[in-house]
Amino acid sequence: SFAWSGEVPDPASEATFSRSRLNHSLRQKGNHQVLLRFHRKLLSIRNEYRCIKQSNRRDITVAIEGHLLLVRYPGSPELMLIFSFSNEPSTPLLAPLGWSTILDSSANEWAGQGTAAPKASDPVAPWSVRVLSLPLGSAT
């Protein structure tokens with residue numbers, strides 16, 4: 001399942017161990033640096049939005065629209081995650097009016113092909129995730 005060509009590396013081999021060591025200097029370079037910043041942003045969202053930590057699984061709404069998976073966390077503020085599993089841009093049927101984009105993996109900031117600041121109502125880029133926030137007191 002890991003698509004090795006040839007034999008599976010011997011886990012007890014010194015050479016396997018040496019090849020498997022992390023190169024910490026890579027976190028400051030190119031796409032490695034972008035991926036590290038992206039994961040830090042995801043962690044900051046998890047810490048900032050209590051609805052992720054405090055939601056009961058039964059309160060979370062999950063919907064599938066074609067190739068989109070929508071996950072909505074209730075609370076104040078609410079969060080919605082839209083995952084695209086499509087090869088084409090997709091717009092959710094339930095347009096997220098009043099929502100603000102707080103993260104979009106297709107944005108230029110994350111080395112994506114999208115715009116600098118995608119709007120919540122923009123089509124979701126192929127194979128990406130968008131995190132939206134509904135401000136306090138807003139109604140959908």
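Which loop chymotrypsin sites (Phe, Trp or Tyr not before Pro) in the range 1-87, with loop taken from DSSP, have no more than 10 other Cβ atoms within 10 angstrom of their Cβ?
F2, W4
Can you list the aspartates and glutamates whose alpha carbon sits under 15 Å from that of K41, skipping same-chain ones fewer than 8 residues off?
Filter leaves D104, E109.
Which angle between 0 and 90 degrees, to the nearest 10, do you get for helix 30-48 versus the longest principal axis of the chain when only C-alpha atoms count?
For 30-48 against the chain, the angle is about 40 degrees.
List the trypsin sites (Lys or Arg not before Pro) in the range 1-86 that DSSP assigns to loop (not H, G, I, E or B) and whose Cβ has at most 13 other Cβ atoms within 10 Å. Which are they?
Sites meeting the loop and neighbour criteria: R21, K29.
Rounded to whole Å and sorted largest first, list the principal axis extents of the Cα atoms in the range 1-100.
Projected onto its principal axes, the Cα set of the range 1-100 covers 55, 30, 30 Å.
Could you run the Karplus curve 6.51 cos²θ - 1.76 cosθ + 1.60 with θ = phi - 60° over the range 80-89 and give me ³J(HN,Hα) per residue in whole Hz, x for Gly and Pro?
Using θ = phi - 60°, the values come out as 10, 10, 10, 9, 9, 10, 10, 8, 10, x Hz.
If amide H atoms are built 1.01 Å from N in the plane of the peptide, which residues on other chains or at least 5 residues away come under 5 Å of the amide H of A111?
Correct list: empty.
Write down the accessible area per residue of the range 1-125 in Å², having rolled a 1.4 Å probe over the full set of protein chains.
With all protein chains present, the range 1-125 gives 72 Å² per residue.
Search the structure for amide H atoms under 5 Å from the amide H of T91, placed 1.01 Å from N in the peptide plane, and list their residues when 5 or more places away or on another chain.
Residues meeting the amide H criterion: V124.
Tally up the carbon and sulfur contribution to the accessible surface of the range 1-106 as a whole percent, 1.4 Å probe, everything protein left in place.
54
Exactly which GluC sites (Glu not before Pro) in the range 6-92 are in a DSSP loop and have at most 10 other Cβ atoms within 10 Å?
E7
The values are calculated or read from the model by the stated rules, or taken from the named source; none is laboratory data. Bear in mind the structure is a predicted one, so any value in this text is a computation, not a measurement. Heads up, the Cβs are rebuilt from the backbone with ideal geometry, glycines too, and the neighbour counts pull from every protein chain shown. These accessible areas exclude ligands, DNA and RNA; they are computed on the full protein's heavy atoms, side chains included. Shrake-Rupley method; radii C 1.70, N 1.55, O 1.52, S 1.80 Å.
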